[in-house]
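Following: one structure in structure tokens, then a few remarks.
The values are calculated or read from the model by the stated rules, or taken from the named source; none is laboratory data. Treat the numbers as computed from the prediction; the structure is a model and nothing was measured. Heads up, the Cβs are rebuilt from the backbone with ideal geometry, glycines too, and the neighbour counts pull from every protein chain shown.
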Amino acid sequence: MRKSLTRALALFAEAGWHNRDGVLRNSKGEPFVIEVTGTRGQNPYMDPIYLNMSKLGIVVKKKIVDAATGRSRMKNFNYDYTTVTFRDARMPGPELWRNFNSHDADVPGSENVAGVKSHAVDVLIAKVLDADSQEALETAAHALDRVLIHSHYIIPWRYLTQHYYIHKHYLQRPQQLPDYYAAQDWAMAYWWDSRQAQAALTSQSQIYRPQAAHWHGDVAAWNKVLYQK
């Protein structure tokens, strides 16, 4: 982290911003100010980034807004720095065009809130949409990912390939998972209380299990037990 902060200060200096008295200032003495907006629930995730900004001398002004106000500001590109969650899909598709196509970069209310204007991005999205094989899809998607990441439009902060959870020992889930699913809508939802499940099975076995006397010859009693509801 220290190397990254040192490199950041060097880049700021090249751009005319120097850390004076603990604050980044330009040649006029004006401070480098960033207003960050978000809801209260986002702060625990973003505070480490804000802390590192402060270490560089950036003046971070936090503005807590409700979800509706925050969304309205984003739709009109009225923000310096904010967080956004892109809607995902099982397979890359039209959501990529909505989020990153150049035509919508300056259109208020569009999904291109990052303001991406790149012919290369447009071409790669088209290749993703037109892919006619898994190999072609993965090649185009990987290339698009590299271009977006190295253009520094966003700082990805939720990109784990695995999801971890802690649960009570009596909670169970299916051992065989689907090939494609989202953690939020499947892996977190399909659980059951094994104690209740066992109680239900025990209750059913008590209803339908024939007694030994019935099994050995009392056919009428056996049929009565077998078919009772």
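Here are the numbers for this structure:
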quantity: Count - residues of the stretch 112-135 that are without any contact (Cβ under 8 Å) to a residue 12 or more places away in the chain and either closer than 20 Å to ILE155 by Cα or part of a loop (DSSP other than H, G, I, E, B) (or both); calculated: 3
quantity: Sole exception among (1) loosely packed, with under 14 Cβ neighbours inside 10 Å; (2) in the same structural domain as GLU35 (by TED's automatic domain parsing); (3) not in a helix (DSSP H, G or I) for ARG71, by number; calculated: (3)
quantity: Single condition THR139 does not satisfy, out of (1) over 17 Å from the mean Cα position of the chain (by Cα); (2) closer than 27 Å to TYR81 by Cα; calculated: (2)
quantity: Filter result for PRO108 (in contact (Cβ under 8 Å) with a residue 40 or more places away in the chain and over 25 Å from TRP17 (Cβ atoms)); calculated: no
quantity: Test: LEU51 is surrounded by 13 or more Cβ atoms within 10 Å (Cβ to Cβ) and either of a type outside the set (Ser, Thr, Tyr) or without any contact (Cβ under 8 Å) to a residue 24 or more places away in the chain (or both); calculated: no
quantity: Sole exception among (1) surrounded by 16 or more Cβ atoms within 10 Å (Cβ to Cβ); (2) among the small types (Gly, Ala, Ser); (3) on the phi < 0 side of the Ramachandran plot for GLY57, by number; calculated: (3)
quantity: Test result for ALA131, closer than 21 Å to PHE86 by Cβ, surrounded by 13 or more Cβ atoms within 10 Å (Cβ to Cβ) and at pLDDT 65 or above; calculated: yes
quantity: Residue within the stretch 119-131 that is in contact with a strand residue (DSSP E or B) (Cβ under 9 Å, 6 or more places away or on another chain) and over 30 Å from ARG195 (Cα atoms) present; calculated: no
quantity: Some residue of the stretch 31-38 being within 28 Å of the chain's Cα centre (by Cα), modelled with pLDDT under 90 and part of a loop (DSSP other than H, G, I, E, B); calculated: no
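Results for (1) over 29 Å from ARG2 (Cα atoms); (2) part of a loop (DSSP other than H, G, I, E, B); (3) in contact with a strand residue (DSSP E or B) (Cβ under 7 Å, 6 or more places away or on another chain), shown as yes or no for each residue.
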position: LEU24; (1), (2), (3): no, no, yes
position: MET53; (1), (2), (3): no, no, yes
position: TYR79; (1), (2), (3): no, yes, yes
position: SER110; (1), (2), (3): yes, yes, no
